[in-house]
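Below is one structure; the comments refer to it alone.
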Amino acid sequence: MTSRDGPSLSRRHVLTTMAASGATLLVGAGTGGAAPAAAPPRKPGQASVFGLRHPPMETVRVGIIGVGARGNSLLGNLLDLDRVRVTAVCDLVPQRVEAARHRVTKAGQPEPAGFSAGETDFENLCRRDDVDIVYIATPWDSHVPMALAAMKNGRHAAIEVPAAISLEECWQLVDTAEQTRRHCIMLENCCYGETEMLVLSMVRRGVFGEVTHGEAGYLHGPADGLIRQASGAVWRRRFVQKFNGNLYPTHGLGPVAQYMGIHGGDRFERLVSMSSPERALSAVRDRLPEGDPRRAETYACGDVNTSILRTARGRTILVQFDIVTPRPYSRINMICGTEGAFRDYPPRIHLRGKPNEWETDLAPYHEAHGHPLWKQYKEAAVRSGGHGGMDYVMNRRLIACLLAGEPLDMTVYDAAAWSSVFPLSIASVAGGGAPVLFPDFTRGEWRDREPLGIVGA
Ligand SMILES: NC(=O)c1ccc[n+]([C@@H]2O[C@H](COP(=O)([O-])OP(=O)(O)OC[C@H]3O[C@@H](n4cnc5c(N)ncnc54)[C@H](O)[C@@H]3O)[C@@H](O)[C@H]2O)c1
């Protein structure tokens, strides 16, 4: 580890501390210290999936694994789209499968096949010939086995966030997509928010000059939501009990990574991460009635995790995570460059030469730089809904690309790199904030690719 890497913890100390916390399990060896983490060699026949195209389709047939809160929201958007058929649904809970099948028939489509015969019944959904793409909306640690089953059976995979929770899983996604030549993306809906797409357009048009720094986050407390007995809170708490790091990085990071052209001339290179003490969730736990089994829970994750990423071109991105302290919701969503800055929550812009304060009336910017997808889809997006319409825009754009046989906006390399903040932050925290290195999931191709442009509707 060189002196410019900061903390003078020896590599041995870092790895010992990681091992003690289980962090090594998530990152494997070779990510600590200054030596680049080598990409495993490609197998014969395996090749890059940048720009991957498949033949155009008449109809996109979707299978959904996981019809809890998120799966149902995605299902609603899919049922609002033309030339989409939901042909299969799977969940551990049979009533959820039945309710989803009913929703599909009520929308005028044939009854989809249902799968609810246990933990691995999703494999039967993936084997079906009437499924083109498998949507995966289950707890985090089940995403990758499901995506691999989809791809190995010839289906495309669209995975909820984060796509993967260990570096090994990230590589499995990349390698399997490259071997099977299937699309494999993470459903990072926040990249399709109206504000995010406005900022993306403005960055591409050079309004902020050369962008050197970004900030992102997922600040979504208070802890009262996480302590609940609802399905989503119960499994999320399992992770907070076990891991201390940045456990939900992609909602904030995905859009910032797109602004900064990550995998289009730059890539994440290293990360340092620290967590505050854990207090907020245990305080809520201690207010539960005597005898409640949750009172025996302990939590590993600090209240606030702050990670700082540096890119190969030396640019920096701050990523925060906090789902427990009481404060207004924010994904931070900030970018600054040589000519100006944007900061969200609330959205505001400052450009060189203007009075030295934030402009908060963004209507003229929406008029001049609003993204074509939002200009065309806004009415339908607001009607269909899902996080202010971003979910609809994401789904409609994904389906439009599949129908037209176009490459997708997001790649498996994005899914892997954005998700890898989960394990890498855990490793860095366990190492006292020591720097850890991102693998280059593109195996060097980031240098020659163009950033995502202002795609049309
Ligand atoms: N993009 C977003 O805005 C957004 C919002 C919420 C949740 N999410 C993501 O969506 C995913 C699901 O979250 P949620 O809030 O819907 O959780 P949830 O608990 O409400 O739903 C998960 C569902 O998966 C099912 N499931 C679990 N294991 C399964 C298996 N082996 N086979 C079939 N079904 C299985 C459960 O029975 C449950 O119905 C997570 O990855 C989460 O991070 C994303």
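Each reported figure results from applying straightforward, stated rules to the coordinates on display, with no laboratory input. Please read these numbers as outputs of a predicted model, since none were measured by experiment. Note: ideal-geometry Cβ built from the backbone for every residue, glycine included; neighbour counts use all protein chains shown.
Worth pointing out:
- Surface/4 of the Cα convex hull for the stretch 190-325, nm²: 9.1
- Count Lys and Arg as plus one, Asp and Glu as minus one, and take only other residues whose Cβ is under 12 Å from that of Asn305; the net charge is then -3.
- Taking the average, over residues, of other Cβ atoms within 10 Å as the packing measure, peptides 159-170, 110-121, 369-380 rank 159-170, 369-380, 110-121 from highest down.
- The modelled label-to-label distance between Arg348 and Ala380, using points 7 Å beyond Cα along the C-beta direction, is 3.6 nm.
- Report note on the peptides 89-98, 173-182, 351-360: ranked by the mean count of other C-beta atoms within 10 Å, highest first, their order is 173-182, 89-98, 351-360.
- Cross-link partners of Lys354 among aspartates and glutamates (Cα-Cα below 12 Å; sequence separation of 8 or more within a chain): Glu339
- Rounded to the nearest 20 debye, dipole of the chain from Cβ charges on Lys, Arg, Asp, Glu: 360
- Most positive-pole-ward Cα, Gly385, His102, Thr120, against dipole of the chain from beta carbon charges: Thr120
- Net charge contributed by nearby residues that have their C-beta within less than 13 Å of Arg348 (K/R +1, D/E -1): -2
- The order of the peptides 431-444, 335-348, 42-55 by mean Cβ neighbours within 10 Å, most packed first, is 431-444, 335-348, 42-55.
- Sum of side-chain charges, Gln95 neighbourhood, beta-carbon under 14 Å (Lys, Arg +1; Asp, Glu -1): +1
- Antiparallel bridges, percent of DSSP beta bridges restricted to the chain (to nearest 5): 50
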